[in-house]
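Below is one structure; the comments refer to it alone.
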Amino acid sequence: MVDVTVFLVSALIIVAGSIGVIFSKNPVRSALSLVASFFGVAVLFVLLEAHFLALVQVVVYGGAIVVLFIFVIMLLGVDAAESINIEPISSNQIMGYLAGFGFLLVIFGGLFLSGPSGKDNAPDDAGFVALTGTAEQLPIDEDLSNVKVLARDLFSRNVLAFEATALLLTIATVGAVVMVKNKDDDDFGLGLKAEVDQ
Amino acid sequence: MEVTETWYLVLSAIVFSIGLTGFLTRRNPLIVFMCVELMLNAVNISFVAFSDVLNDVSGQTAVFFVLVVAAAEVVVGLSLVVLLFRKSSDVSIDDLNEMSG
Amino acid sequence: MLELAWLIPGLPLLGFLILVVFGRRIGEPFAGWLATAASFSSFIATVLVFFALKGLPVEERFHIQKIFDWISAGSFDVDAALLIDPLSITMCLFITGVGSLIHLYSIGYMHGDKNFSKFFVYLNLFITSMLLLVLADNLLLTFLGWEGVGACSYLLISFWFEDESNASAGKKAFVTNRIGDFGFMIAMFLVFGAIGSINYDDIAANAGSISGTTTTAIVLLFLLAATGKSAQLPLFVWLPDAMAGPTPVSALIHAATMVTSGVFLLIRLNPLLAGADLWATGLISWVGAITALVAATAAVSQNDIKKVLAYSTVSQLGYLFMAVGVGAYVAAIFHMITHAFFKALLFLGSGSVIHGMGDEQDMRKMGGLKKLMPITSMTFIIGWLAIAGVPPFSGFWSKDEILLYLWGSEGIGGKYLWIIGLATALLTAFYMTRQVLMTFYGKQNFESEGPNAITPHESPRLMTIPLVVLACLAVVAGILNLPFGKDWHFLGHWLEPSLFGNEAHVDVSASTTFILALVAIGVGLTAIAAAGMIYYKKKYAKIEPQFFADAWRIDSTYASFFGGPGRMFFKGLAWFDNNVVDGFVKATAATTLSLGQGLKFMQSGLVRNHALGIVLGTLAVSGWFIWRLFT
């Protein structure tokens, strides 16, 4: 009962937030609706026993990403209200709505029209193994905390991917800086002069 | 009444569609990026739901990586917006119109 | 020895290739000698193959030599192969023989012409095409040769093309031939459709299995083709105009070889002719008959020395058609051979006269040349006697054979055909005598002194030697197929393997044959006497109605028809082609264009449109999968 209530409330928040994102005229309002949406998702994660992820969701998404967004909005003054009614390419509006709605229908169709799910099979069923592609799984051990379980999986089977993401973040950051830097400005906007006396 | 995984999937589908609609409809590039984040979120929800149902932690690992990549993508995307803004103050995603072929 | 058969068309082809590349450099007269050597060596090869074939037993005298696989498209299989049998070798013998003599003659005749080597290039190519035509073992290769001789005749007729009328004559020949070619092609398609093959041996084997209507249609279409090539009614109009070409061309192409290809084709297809309805083969004879008569009347009134011979050729070809139509194939080949000899002789002789008279062609300005050009006139007189049907010259025997078969044929008014044949013989003797008298006897109608003096002189030996050779042949060729009983029918026996027993048989007693021959001789002599009265003794007035001279105004009727109402029809066709046929093409282009315009939005470059495309694509694919779940 509690689960249901919690689910419904957070679902409501999430959906309301998303609608707020796409329908707000003001970008700042959109960003704040997005934060609300993220919070709802975090609650949902807790409900699903993924505590660590809920935490990370709030911190990274809500605390870093949305903050970045708001930085850019504020610094560049892109907060001028955009009129969503005046659309230069009129067909795009309708096509967008239709595509979105069609997508929803398709997914619902896939959800409700497909056959019995595979979850009723025992985890060590041969078909299930083939489906997940794992010879051996790491079932969520109820005795360990969620962090430990996740860490176990992350640093044993997926350590290569983990390092790769670290690399990815580095590249992204460097790339962003390089892209945005002014060509004639050799101090990287930091007030530091680079040594170019050769 | 129990919360089955179907509920989560339905929610995920709804959020994804909303995000998709916004992506195709809005012109402000920042809003477009936000919609991308929404879509990624929706997928995260379904991953975690599956992980809970199948009692397998791989779903949560996937969400972890999605999170990281989303962050990296936001960084790069926003730098693009900054570049766009340097051209004119009235920024629209339609200004990125030289991609073809 | 039989394997040498490929040399027969191969050697002139080699000559052609060498001359095409080096001809201008070799120049006069070596180019001419080279071409003659190519043609003569082909003759030697033909003789060798002939003896080889003769050495084989009769049943085996049908030899196919494959050169290479030509077309292999599904069920349609055509090889480039030569069919060596009595019919084709006989044709090759006189094509290469007379052809070589004409090559020799041309070295002298074309002396001093600025396009000397080009002439021999065309001549060799012509010989090659003609040999290919007769030696082919299937309809398609024959058609290749057919088109080749058509093209060469166009090139050679309009050889002196700087003169507009010469160029037009060449065009006229080509276009008229084309109408015939259309018939050839459709007939070829029908044959393939009926028996699945276009090889002559397959046609011979399966001709009986084709339905009567189809066979008749095929025969009629081939008749159309032959009419074009052999200048019969109604497509004969090109041959008189073709006299615009140099005289050796007229001799070779329009007397001895190309114009006989139509008759050859019909004889080659004798199994089909045997299976066609009687009225179709009868039509062949009647076309020939009417043509023969009309052309003979036209020849009576001509004043140009070559035009007389042109109409005479049309008329004699009519005889050949008459023979083919009643199934007298041997007689047709016999007359074809003798005609080749004496007509080539007459043409070359006229060329000699023209050359000696300084390019004068009007007979009214000639006369009394007998003493001035002895060899020419002697040989010309022999040719005259041959064509007039005076025994023992060859023309008499062959023409008489045809008349005999006409008399003995049934079902298509053979007796009437015989009467027309006889009337034509009378006119032939008449106009040829007229020509001889006007040219060689009587008063000299040209100026022998003064500023426009013409001094007729005998032609050089290069030109007179071929005349002499042809004259000898015209005298003795009759021996090929004398009617004095079976043993003298050399040609008849020789040609049997090619005729598959389709040769007509005449049930006429020996006495009737004799009487018919006497009638023919009498008619001939009467005509000669009449002509002598009019033109030599000048006792009676000339009968040269203009109507006859214009060939019954058939040609001018064509001109006014095609120029007048015909032109509107062609304009209509051109409009149709431009708007409807091209319209389809343009519509395709326009559709593609508008489709492209419509799809332009996909490449607008806008991110959103690309995203929309991706989403729509995903929707389509997933939708299809969902649909599959439904059903």
Subset of the range B:4-31, residues over 19 Å from A:VAL9 (Cβ atoms) and either among the basic types (Lys, Arg) or surrounded by fewer than 20 Cβ atoms within 10 Å (Cβ to Cβ) (or both), comes to B:ARG26, B:ARG27
Turns out the helices (runs of 4 or more DSSP H) fully within the range A:68-163 with at least 1 residues that are at pLDDT 60 or above and surrounded by 11 or more Cβ atoms within 10 Å (Cβ to Cβ) are A:90-113, A:146-156
Taking the range A:26-56 and keeping residues within 26 Å of A:GLY77 (Cα to Cα), more than 8 Å from chain B (Cβ to nearest Cβ), part of a helix (DSSP H, G or I) and not β-branched (Val, Ile, Thr) leaves A:ARG29, A:LEU32, A:SER33, A:ALA36
For the range B:52-65, indicate whether the set of residues that are at the interface with another protein chain (Cβ under 7 Å from one of its Cβ atoms) and touching a strand residue (DSSP E or B) at 6+ places or on another chain (Cβ under 6 Å) is non-empty. yes
Check: Is it fair to say C:ILE71 is more than 21 Å from the chain's Cα centre (by Cα) and farther than 24 Å from C:CYS472 by Cα?
Finding: yes
For A:LEU167, the lone unmet condition from (1) modelled with pLDDT of 85 or more; (2) loosely packed, with under 14 Cβ neighbours inside 10 Å; (3) over 30 Å from B:PHE85 (Cα atoms) is (3)
Checked C:ALA388, C:ALA474, C:ALA429 against criteria (surrounded by 23 or more Cβ atoms within 10 Å (Cβ to Cβ) and either closer than 25 Å to C:HIS103 by Cβ or without any contact (Cβ under 8 Å) to a residue 24 or more places away in the chain (or both)); the one match is C:ALA474
Picking from B:MET39, B:MET34, B:MET1, the residue that is within 12 Å of the chain's Cα centre (by Cα) and surrounded by fewer than 24 Cβ atoms within 10 Å (Cβ to Cβ) would be B:MET39
**Condition check for C:VAL21: exposed (fewer than 14 other Cβ atoms within 10 Å of the Cβ) and touching a Pro at 6+ places or on another chain (Cβ under 7 Å)** = no
Exactly one of C:ALA477, C:ALA504 is modelled with pLDDT under 75 and within 26 Å of the chain's Cα centre (by Cα), and that one is C:ALA504
Within the range A:11-25, of all residues that are more than 9 Å from chain B (Cβ to nearest Cβ) and surrounded by 15 or more Cβ atoms within 10 Å (Cβ to Cβ), the one farthest from B:LEU38 (Cα to Cα) is A:ILE13
Here the residues within the range B:3-32 that are farther than 17 Å from A:ILE107 by Cα and at the interface with chain A (Cβ under 7 Å from one of its Cβ atoms) are B:VAL3, B:GLY22, B:LEU24, B:THR25, B:ARG26, B:ARG27, B:ASN28, B:LEU30, B:ILE31
Within the range C:437-466, of all residues that are of a type in the set (Gly, Ala, Ser) and closer than 20 Å to C:ARG364 by Cα, the one modelled with the highest pLDDT is C:GLY442
C:GLN546 vs (1) modelled with pLDDT of 70 or more; (2) of a type in the set (S, T, N, Q); (3) within 30 Å of C:MET363 (Cβ to Cβ): all pass except (1)
Going through (1) within 26 Å of the chain's Cα centre (by Cα); (2) closer than 21 Å to C:LEU133 by Cβ one by one, C:TRP33 fails only at (2)
Those residues of the range B:1-53 which are outside any helix (DSSP H, G or I) and over 30 Å from B:SER92 (Cα atoms) amount to B:MET1, B:GLU2, B:VAL3, B:THR4
>> Residues that are out of contact with any Cys (no Cβ under 6 Å at 6 or more places or on another chain), crowded, with 21+ Cβ neighbours inside 10 Å, of a type outside the set (Gly, Ala, Ser) and under 21 Å from C:SER129 (Cα atoms): does the range C:66-78 have at least one?
In response: no
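The values are calculated or read from the model by the stated rules, or taken from the named source; none is laboratory data. Bear in mind that the values here come from a model prediction, so they are computed numbers and not experimental data. Cβ: placed from backbone, ideal geometry, glycine included. Neighbour counts: every protein chain shown.
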